[in-house]
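What follows is a single structure, written as structure tokens, with notes after it.
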Amino acid sequence: MPPADVPLLSARAVSKIYRMGEIQVPALREVDLDIQTGEILAILGPSGSGKSTLLNMIGGMDRPTSGQILFGSQDLTHASDGQLTLFRRHQIGFVFQFFNLVPTLTALENVQVAVDLARQPLEAGEALRIVGLEDRAGHFPSQLSGGQQQRVAIARALATNPNLLLCDEPTGNLDSVTGAQIMELLERLNRERGKTVVVITH
């Protein structure tokens, strides 16, 4: 964790250009961003505005064409693939629009997959308890509602005990009432457990 006076993550003049043959498609232009430890931050914009591209670079899944991304003092821009893998595994929890649960594993087993990769994880059952699904631990994804599946996905992200939760359209596949419940859960994780949360949405 960086010192209190240093942003948890900062982006400076970050641009991303996708090349398709001789055609260049700019996805981001000169983005500056600071994410402070313990805050909850929403990144808003219409479809195609580069929100997911920015989130992928913040999370170490993609690299900027130009600019710099720092996690504390760690320069992610010039990190090796191995260093980025460890960064994602130990520092970042990802929550996606599509829940990405393994259909042949129970809710508890889906969370346990993340626990087995982490350095200082929560217990899988504890992660499910935090999101209010301890009574569904033995259920398969097909036996859960969309909101429950997203809670399992949040528990899986939380189980690695990450410093930063990155949520890409986490309510995009849910009705408005269930979506509001998921946003309330993320806000509670920020307020009660001190998790830094970034949510992108249109």
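Table for the structure above
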{"item": "Square roots of 5 times each gyration tensor eigenvalue, C-alpha, segment 135-194, largest first, Å", "result": "19, 15, 10"}
{"item": "Cleavage-rule hits (chymotrypsin sites (Phe, Trp or Tyr not before Pro)) in segment 91-200: DSSP loop, at most 14 neighbouring Cβ within 10 angstrom", "result": "Phe98"}
{"item": "Part-to-part distance (alpha-carbon centres) for segment 109-174 and segment 50-103, which is given in Å", "result": "19"}
{"item": "Projected-area mean, segment 48-135, by convex hull of Cα positions, square nanometres", "result": "7.6"}
{"item": "Relative contact order (percent, whole number), segment 67-185, Cα cutoff 8 Å, 6+ residue spacing", "result": "33"}
{"item": "Selected from Thr201, Gln148, Gly172, residue furthest toward positive end of dipole (segment 142-202; charges at beta carbon)", "result": "Gln148"}
{"item": "10 Å binning of all Cα-Cα separations within segment 52-202, expressed as whole percents from 0 upward", "result": "12, 41, 35, 12, 1"}
{"item": "Calculated from backbone phi, Karplus (6.51, -1.76, 1.60) coupling profile of segment 60-68 in Hz, x at Gly/Pro", "result": "x, 8, 8, 10, x, 5, 8, x, 9"}
{"item": "Net charge dipole size for the chain [Lys, Arg +1 and Asp, Glu -1 on Cβ; Debye, nearest 20]", "result": "160"}
{"item": "For segment 179-196, 3J(HN,Hα) per residue [Karplus equation, 6.51 cos²θ - 1.76 cosθ + 1.60, θ = phi - 60°, Hz, x = Gly/Pro]", "result": "x, 5, 5, 5, 5, 5, 4, 4, 5, 5, 4, 5, 6, 8, 10, x, 6, 7"}
{"item": "In Hz, Karplus ³J(HN,Hα) per residue of segment 114-119 (6.51, -1.76, 1.60; θ = phi - 60°; x = Gly, Pro)", "result": "5, 4, 5, 9, 8, 8"}
{"item": "Residues of the chain: accessible area per residue with a 1.4 Å probe, Å²", "result": "49"}
{"item": "Protein accessible area in the chain, 1.4 Å probe - carbon and sulfur %", "result": "51"}
{"item": "Per-residue SASA entry for His202, accessible area with 1.4 Å probe, Å² rounded to 10", "result": "150"}
{"item": "Summed residue charge, Cβ within 14 Å of Leu105's Cβ, Lys/Arg positive, Asp/Glu negative", "result": "0"}
{"item": "5 angstrom amide H check on Leu41, placed H, neighbours 5+ away", "result": "Val197, Val198, Val199"}
{"item": "Longest segment of the chain lacking GluC sites (Glu not before Pro) that sit in a DSSP loop with at most 15 other Cβ atoms within 10 Å", "result": "40-122"}
{"item": "Length-normalised contact order for segment 39-128 - Cα pairs under 8 Å, 6+ apart - percent", "result": "16"}
{"item": "Relative contact order computed over the chain (Cα-Cα under 8 Å; 6+ residues apart), in percent", "result": "24"}
{"item": "Relative frequency of Cα-Cα separations exceeding 22 Å in segment 1-85, percent", "result": "27"}
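The values are calculated or read from the model by the stated rules, or taken from the named source; none is laboratory data. As the structure is a prediction and not an experimental result, all values here were calculated from the model. Quick reminder, even Gly has a Cβ in these numbers, built from the backbone with ideal geometry, and neighbours come from all protein chains shown. With ligands, DNA and RNA removed, areas are computed over all heavy atoms of the protein, side chains included. Shrake-Rupley method; radii C 1.70, N 1.55, O 1.52, S 1.80 Å.
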